[in-house]
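Undergrad: What follows is a structure written as structure tokens; I'll ask about it next.
The values are calculated or read from the model by the stated rules, or taken from the named source; none is laboratory data. Keep in mind that what you see is a predicted model, and the values were worked out from it rather than measured. Cβ sites come from the backbone with ideal geometry, for glycine too, and all protein chains shown count toward neighbours. Protein only, heavy atoms only, side chains kept; ligands, DNA and RNA dropped before computing areas. Shrake-Rupley method; radii C 1.70, N 1.55, O 1.52, S 1.80 Å.
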Amino acid sequence: TAGSPKYTRSCQDLFERLDTNKDGKVDVAELRAGLKEMGIFRQGAAQKIVSSGDQNKDGSLDLNEFSKYMKEHEKKLLLTFKSLDRNNDGRIDASEIQQSLAELGMDISKENALKILQSMDNDGTMTVDWNEWREHFLLCPAHNLEEIIRYWKHSSVLDIGDSLAIPDEFTEEEKNSGRWWKHLTAGAVAGAVSRTGTAPLDRMKVFMQVHSSKTNPISLGGGFKQMIVEGGLTSLWRGNGINVLKIAPETAIKFMAYEQYKKLLSSEGKTIETHKRFMAGSLAGATAQTAIYPMEVLKTRLTLRKTGQYSGMFDCAKKILRKEGVKAFYKGYVPNLVGIIPYAGIDLAVYETLKNTWLSYHPDSPNPGVLVLVACGTMSSTCGQLASYPLALVRTRMQAQASLDASDQSSMTSLMKKVVAKDGFFGLYRGILPNFMKVIPAVSISYVVYEYMKTGLGISK
């Protein structure tokens, strides 16, 4: 294994060990088998090592390329080692790991820092010297801490249809190589497919939010029956067109705003702390929402429309403008904005808690695997939705009010009071059943499509 002195022998010995068919080249399959033998299981590691060391682009490494890669890699590892070794005593201890992770916006407990140390510490001194560090990471393509942390980045790929999540983080390497726009494109397509797949449940939710009450209860089955009778099967997808259309501008604005806010909030050269990242994310969300909010209003109106009421998006926009003026396009804006904060806050807090719980039970593996990440993401956003749902209900009702009489238009608080007076507290949660029913299919569809898109665009790690 990586700890034995045998393994540290020169590059050439290692190369010969890996080159099982003795053709003077190590290809991905050989490297994968070799890594497995040494107890290194990192998904995509072999592919990454070969592609970054392969200079003549023949898909494998010869001894020269292999030694060069090892030298380069060792240099990078040494830099990371030195940046971690704060007191320059040639050893890394638990508090140094803790400090460095905190600067990268990840707070871990002393015990977890010790567990990370133990996984590298071969001689039981509870500190890691350069040799141990080098052996641990020599054949692992993640040479900086950020890569190791990237597994646990809160993945905002999962489109649940409520776009309040904090935007994705991209490493400098991804920004420079232009990979970030591919990630965003893959995410947008995944969102479009998953929204289309769950559109009938979304329409049902909006219907229940606006029309359901004690005097007029709407059940799932009854509601769908009503819709099909009123407009045929295709009417279940009303409002989906604009819901898909708004993904692109929203993602782009949110991403750009997030980068700008991060710059504003962080001091030069320092990594941004978690709470500032949260602030930047919420502000970026608010900026994107402000810019595309008229599309949200259109979406609600188009979703609720009766057969033949509007001929399309532009017709709907024209009619609202003519009848109700520009102000109508920002109805329900306040509860929408207020709703971002509990949603994003609870989402993040629950995610962090679940993540830390998982890490404390599985200290040795930094990569939790797809299922764990998706489950954590789904649970945290479900909790976030529970908290902000009443605000979403009020927002939808305000967007739907198309009466000309200004005295009928009520403010956020008076609408809430009205709903509670009429239907009790649970009246604020009308439509939550179809809302939660669409979470799992939406997450599953968007995850699968995202993975296919990533492979298609050539960014799968």
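Undergrad: Given +1 on the Cβ of Lys and Arg, -1 on the Cβ of Asp and Glu, and no further charges, what dipole in debye does the range 173-225 carry about its Cα centre, rounded to the nearest 20?
TA: Here the range 173-225 has a charge dipole of around 180 debye.
Undergrad: Compute the distance in nm between two label points, each set 7 Å from the Cα along the Cα-to-Cβ direction, one at residue 455 and one at residue 334.
TA: About 5.0 nm separates the two model spin labels.
Undergrad: How much accessible area per residue does the range 293-405 have, in Å², with a 1.4 Å probe?
TA: 46
Undergrad: Another one. Report the calculated FRET efficiency for residue 196 and residue 13 (r = Cβ-Cβ distance, R0 = 56 Å), to the nearest 0.05.
TA: That pair, residue 196 with residue 13, gives E of 0.50.
Undergrad: Right, another one. Once fully extended, how much extra length lies between residue 215 and residue 326, figured as 0.36 nm per residue of separation less the alpha-carbon to alpha-carbon distance?
TA: Once the chain is fully extended between residue 215 and residue 326, it gains 36.6 nm.
Undergrad: By how many nm would the segment from residue 111 to residue 57 lengthen if fully extended, with 0.36 nm per residue of separation less the alpha-carbon distance?
TA: Difference between extended and current length: 15.0 nm.
Undergrad: So if I place +1 on the C-beta of Lys and Arg and -1 on the C-beta of Asp and Glu, and nothing else carries charge, what would the dipole magnitude of the range 285-392 be about its Cα centre? I want it in debye, nearest 20.
TA: About 960 debye.
Undergrad: Placing +1 at every Lys and Arg Cβ and -1 at every Asp and Glu Cβ, with all other atoms neutral, what dipole size does the range 411-461 have around its Cα centre, in debye to the nearest 20?
TA: Once rounded to the nearest 20, the dipole reads 180 debye.
Undergrad: Mind checking the per residue accessible area of the range 169-244 for me, 1.4 Å probe, whole number of Å²?
TA: For the range 169-244, the per-residue accessible area is 44 Å².
Undergrad: If I take R0 = 45 Å and measure r between the Cβ atoms of residue 259 and residue 433 in this structure, what FRET efficiency does the formula 1/(1 + (r/R0)^6) give, to the nearest 0.05?
TA: 0.75
Undergrad: What is the spin-label model distance, in nm, from residue 421 to residue 225 if the labels are put 7 Å beyond Cα along the C-beta direction?
TA: Each label point lies 7 Å from its Cα, and together they span 3.4 nm.
Undergrad: Using a simple spin-label model with points 7 Å from Cα along the Cα→Cβ vector, what separation in nm is obtained for residue 23 and residue 353?
TA: So the label points at residue 23 and residue 353 sit 5.5 nm apart.
Undergrad: Gain in length, residue 401 to residue 118, computed as 0.36 nm per residue apart minus the alpha-carbon separation, to one decimal in nm?
TA: Additional length available on full extension: 95.8 nm.
Undergrad: Excluding same-chain residues fewer than 8 positions from residue 306, which lysines have a Cα within less than 18 Å of its Cα?
TA: 205, 225, 318, 319, 323
Undergrad: Could you work out what % of the accessible surface of the range 295-342 is carbon and sulfur, using a 1.4 angstrom probe and leaving DNA, RNA and ligands out of the count?
TA: After summing per-atom areas, the C and S share lands at 67 percent.
Undergrad: For residue 319, project a label point 7 Å along Cα to C-beta. Then give me every residue of the range 214-232 with its amide nitrogen under 14 Å of that point.
TA: Taking a point 7 Å out along Cα→Cβ of residue 319, no residue of the range 214-232 has its backbone N under 14 Å.
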